[in-house]
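Accompanying notes for the structure given below.
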Amino acid sequence: MDEALKPGRRIWLIIDQPGYTPFKIGPLLIIGKKPRLFPAGVYERKGHMIDRKQSLLQIVTDPGGMRTVAAASIRFKDPGNVR
């Protein structure tokens, strides 16, 4: 993961929400040093139960700053028209 999301890498995001036409965001330039992973699943953290449906990554991009995105929405090549 660290090698794929290293600083200087360009990524695109696919946004696919129920009831809306899917669209892409990007290119985004990764400028943060290390992405932070929030894994999917059910577990306890600091006395609270967490039930996360998708793995999330927290990355720093230009433009946009700090973003928390679903790992499955990241693309490493321009996806073109996603409709």
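Where a number appears in this text, it was derived from the coordinates with a stated rule and is not lab data. Bear in mind the structure is a predicted one, so any value in this text is a computation, not a measurement. As a convention, Cβ positions derive from the backbone with ideal geometry for all residues, glycine included, and neighbour counts pool all protein chains shown.
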- request: Kindly indicate whether S73 is of a type in the set (S, T, Y), touching a residue at least 24 places away in the same chain (Cβ under 8 Å) and surrounded by 10 or more Cβ atoms within 10 Å (Cβ to Cβ).
  value: yes
query: Restricting the search to the stretch 23-72, which residues are of a type in the set (K, R), in a strand (DSSP E or B) and within 19 Å of E3 (Cβ to Cβ)?
result: R36
statement: In the stretch 12-61, anything of a type in the set (D, E, K, R) and surrounded by 10 or more Cβ atoms within 10 Å (Cβ to Cβ) is listed as D16, K24, K34, R36, R52
message: On the basis of being among the acidic types (D, E), outside any strand (DSSP E or B) and touching a strand residue (DSSP E or B) at 6+ places or on another chain (Cβ under 7 Å), does D78 make the cut?
response: yes
